[in-house]
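Participant: After the structure tokens below, expect a handful of questions from me.
Derivation of every value follows stated rules applied to the coordinates shown; laboratory data play no part. Remember, predicted model here, so these are calculated numbers, not experimental data. Note: ideal-geometry Cβ built from the backbone for every residue, glycine included; neighbour counts use all protein chains shown.
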Amino acid sequence: MQIFKETHFDFLGKRWWAIGLSVLLMVASAISLYVKGGPRYGIDFNGGALMYVKFVNQPHPDMIRSALSAKISGEITVQNLAGSDEMLIGTEIKDEQQLNASRAKMEEVLRSKFGESSGKLDLNNSGQEALANRLRDPLQRASVALSEQQLQDLTKAILGYRDSAPRSGLLRNVDELGSVPGVTPVVMTALKQECYTSGFAIRNIEMVGPKVGADLRRQAIMATLYALGGMLIYIAFRFEWIYGLGAVIAVFHDTVVTVGLFSIFNKEISLTVVAAILTLVGYSMNDTIVIFDRIRENLKVMRKEKLEPLMNISVNQTLSRTVLTSGLTFLTCIALYLFGGPVLHGFSFALVVGIIVGTYSSVFIASPIVLFWNNFLESRKKVAVAASAGKTRKG
């Protein structure tokens, strides 16, 4: 399928404008990174605790943030998860020993704000063992003859009901458990005496130590460099070394601009963002290889054509393919960015930026580098021929 047929756009003729734009973007990225002391790494790389919390009535993020700031030092992030009643709460931890303490403080703040101090067990944030221990004595006093296995089966059924849809871990009141098999009126009475339901449920907790975060950061950088090195070797082997160098410089340009835009817009770089960047390294490289492959084919067919017009022809011939692949992928990533929610925001932002910059660099960065090198070689040949002719005339 071809969208464009027989186009004759002078892409290489606009190379200086494009290179000027790239230099401007890279300088702006470098300034932003310098002023802000480097990229803004997320908890994955800096270390800290990340908690997913579901609420009966979702509070304002500022209320959670101010309550946690009074107990925990360092940066605290609170985000509403679009399309759900969950919030994402993160705390940055610089000391490995503070991780468990930070988690306990986060839970303490949530209980003080959305729980009660009656001494009862919180059904929304308790495990099977804690529930069984709470019910064992009251049921025995009520002359309910349950074996230990029956008690474990009962508590498992109660928590299974709590965790199933549509509750998904959050009971609004104890009476909801009346439909659970085994919850008789006597058991319900014991549940109401010993338990209550708070206004929140901790759905998941992720913790990363600072040392692990530093290792992840180093591995992410090395993974990107290894990818670039491997691609340089591959393209140099498949084409010529200058093609490989041009492609790697273009991909390096894409990476710097993407990271720079994250810094300019003050967005966090997490493991998912690194995954997006590595995806874009391959995506941009693939686009560049398609153009280079067409240039190589045309060099065999159009031997008398100069390199610059030949490159323009090659880029025009691959234009439909570029628009179709990049355009459709871009639309998908835009949808992910707009509707994917805060958790996928960084990942989708990297994809959106990377697709634009990667497609642009394949045409306006990688190809001109090859052209510059060939023009340099041609000028050297002319100088050598002129020098040789001058010596001949003198002789």
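Participant: Show log10 I(q)/I(0) for the chain at q = 0.09, 0.12 Å⁻¹, two decimals, from a solvent-free Debye sum over equal Cα scatterers.
Facilitator: Taking Cα atoms of the chain as identical point scatterers yields -0.72, -0.98.
Participant: Please say if the stretch 189-308 is rounded, prolate or oblate, where rounded means a/c under 1.5 for a ≥ b ≥ c the square roots of the C-alpha gyration tensor eigenvalues, and otherwise the choice is prolate for a/b larger than b/c and oblate otherwise?
Facilitator: prolate
Participant: Further question on the same structure: In degrees between 0 and 90, to the nearest 10, how far off the longest principal axis of the chain does helix 210-238 point, with axes built from Cα atoms?
Facilitator: The angle comes out at about 30 degrees.
Participant: Using only DSSP helix segments of four residues or longer, with each worth -39500 (n - 2.57), what per-residue ellipticity at 222 nm results for the chain after dividing by its residue count and rounding to 500?
Facilitator: Helices in the chain give a 222 nm mean residue ellipticity of -21500 deg cm²/dmol.
Participant: While we're on this one: Relative contact order for the chain using alpha-carbon pairs under 8 Å, separation at least 6, rounded to a whole percent?
Facilitator: Reported relative contact order: 25 percent.
Participant: I need Phe237, Phe252 ordered by Cβ neighbour count within 10 Å, fewest first.
Facilitator: Phe237, Phe252
Participant: List the trypsin sites (Lys or Arg not before Pro) within the stretch 155-210 that DSSP assigns to loop and that have no more than 16 neighbouring Cβ atoms inside 10 Å.
Facilitator: Taking the stretch 155-210 and a limit of 16 other Cβ atoms within 10 Å, the loop trypsin sites (Lys or Arg not before Pro) found are Arg167, Arg172.
Participant: I would also like to ask the following. Under a 5 Å amide H to amide H cut-off, with H placed in plane at 1.01 Å, what residues pair with Leu121 once short-range neighbours are removed?
Facilitator: Excluding prolines and chain starts, which carry no amide H, the hits are Cys195, Tyr196.
Participant: Between Asp163 and Asp10, with labels modelled 7 Å along Cα→Cβ, what's the label distance in nm to one decimal, could you check?
Facilitator: Placing both labels 7 Å beyond Cα along the Cβ direction yields 6.7 nm.
Participant: Go through Lys14/Lys306; Lys54/Lys192; Lys105/Lys211; Lys105/Lys156; Lys120/Lys192; Lys36/Lys105 and tell me which ones have a Cα-Cα distance over 19 Å in this structure.
Facilitator: With Cα atoms farther than 19 Å apart: Lys54/Lys192; Lys105/Lys211; Lys105/Lys156; Lys36/Lys105.
Participant: Wrap a convex hull around the Cα atoms of the stretch 2-54, take a quarter of its surface area, and give that in square nanometres.
Facilitator: Over every viewing direction, the Cα hull of the stretch 2-54 projects on average to 8.8 nm².
Participant: Give the calculated FRET efficiency between Lys192 and Lys71 to the nearest 0.05, with a Förster radius of 35 Å applied to their Cβ-Cβ distance.
Facilitator: 0.65
Participant: Moving to a separate point now. Computed FRET efficiency, Cβ-Cβ of Glu240 and Ile334, R0 35 Å: what is it to the nearest 0.05?
Facilitator: Once rounded, the FRET efficiency stands at 0.45.
Participant: So what are the stretch 118-198's ellipsoid semi-axes, whole angstrom, largest first, if each one is the square root of 5 times an eigenvalue of the alpha-carbon gyration tensor?
Facilitator: They are 19, 14, 12 Å, listed largest first.
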